[in-house]
Amino acid sequence: MSSLFSLVILFCIIFQIAEAKDAPAFYAEKQVKLVIGHHTGGGYDIYARLLARHLGQFLPGKPVIVSQYMPGAESLVATNYIYSMAPRDGTVIGSVVNGILFEPLLSPKGQSNFDILKFSWIGNLNKEVNLLTVWHTVPIKTFADLKNRETILAATVGGSGTSSTFPKILNQLLETKIRVISGYSSSAQGFLAMQRGEVEGRGMYWSSLIAAQRDLYERGEIKILLQTGDPPPLNWSSSVPKDILQDGPVQWGWIKSS
């Protein structure tokens with residue numbers, strides 16, 4: 001089953017090139033700026049740097065791709081910049097979080113200075129799987145335990161990020177008792193908070209877990225309580241059985257630990 005949060009990364013661009021046939025001449029010997037709306041060290045950052053390394057050879061005229069980090073508020077700072085200040089000639093593109101689509105609906109009035117419908121969306125690098133995880137010392141073994149005990153999860157800055165919205169959806173629909181502590185600048189900071197005991201877990205993507213903290217997962221130090229979407233492409237640890245529950249109020253495929 002496809003995840004509600006299926007896009008791991010989105011690229012936005014505003015073109016004002018007269019005709020597609022002019023694109024090779026326009027881009028030849030130019031630099032294209034890739035604005036990265038994420039902090040370093042997380043899954044989004046890894047994807048963006050990989051894209052910057054190879055994207056130029058697939059664009060007309062093979063321009064040089066120059067990365068510019070502009071983190072802040074779950075890509076809100078970068079998106080506002082691209083919409084309001086960046087050149088609208090195709091020389092600036094953005095790597096932003098998927099939750100930016102919901103930012104105008106969820107953020108306080110005045111923070112989102114853009115019309116989401118006026119961007120041109122190029123694509124994404126992954127079909128994502130959302131996870132709910134806890135640190136191995138937390139006395140929670142199954143998803144059902146989240147309904148009986150308050151669990152503190154870390155979330156990044158910004159109201160639209162899935163590390164914040166996903167637990168809140170669970171609270172509303174499945175009556176879990178999750179308290180979200182926001183303000184962590186990146187997924188890497190959220191992982192550190194788990195290890196230090198500041199929080200008990202966090203919502204995250206499968207790709208971020210495997211790319212940045214695979215060793216912790218394979219050692220059993222990070223426990224997966226819940227998954228939405230299709231099974232991940234890599235083999236699961238034997239500690240996470242594939243029991244599918246479909247009796248909830250919404251038709252998502254829930255995978256729980258034993």
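None of the figures in this text is laboratory data; all of them are computed from the coordinates on show. Keep in mind the model is a prediction, meaning the values are calculated, not measured. Please note: Cβ atoms are built from the backbone with ideal geometry, for glycine as well, and neighbour counts cover all protein chains shown.
Ordering Leu101, Leu170 from the fewest to the most neighbouring beta carbons within 10 Å gives Leu101, Leu170. Computed extension length for Phe26-Lys147: 37.8 nm, one decimal, from 0.36 nm per residue of separation with the Cα-Cα distance subtracted. Considering only Val92, Leu146, Asn126, the residue lying farthest towards the positive end of the dipole of segment 72-153 is Leu146, judged by Cα position with unit charges set on Cβ.
Quick one: which of Lys127/Lys168; Lys30/Lys62; Lys118/Lys168 span more than 18 angstrom between C-alpha atoms? Check vs 18 Å cut-off fails for Lys127/Lys168; Lys118/Lys168. Remark: Trp135, Trp121, Trp206 ranked as Trp121, Trp135, Trp206, counting other beta-carbon atoms within 10 Å and listing the fewest first.
Please say if segment 40-87 is rounded, prolate or oblate, where rounded means a/c under 1.5 for a ≥ b ≥ c the square roots of the C-alpha gyration tensor eigenvalues, and otherwise the choice is prolate for a/b larger than b/c and oblate otherwise? Oblate shape, in that a/c is at least 1.5 and b/c is the bigger or equal ratio. Net charge dipole, segment 47-120: roughly 200 debye, given to the nearest 20, about the Cα centre with Cβ charges of +1 for Lys and Arg and -1 for Asp and Glu. Taking amide H as placed 1.01 Å from N in the peptide plane, Ser67 has its amide H under 5 Å from the amide H of Leu34, each at least 5 places away in sequence or on another chain. With neighbour counts taken as other beta-carbon atoms within 10 Å, the residues Ser164, Ser67, Ser186 rank, fewest first, as Ser67, Ser186, Ser164.
Between Val66 and Thr137, residue separation times 0.36 nm minus the direct Cα-Cα distance comes to 21.3 nm. Translational diffusion coefficient of segment 124-213 (Stokes-Einstein, Kirkwood radius from Cα pairs, 25 °C, 0.890 mPa s): 186 µm²/s.
With the simple model of a label 7 Å out from the Cα in the direction of the Cβ, Asn113 to Leu192 spans 3.0 nm.
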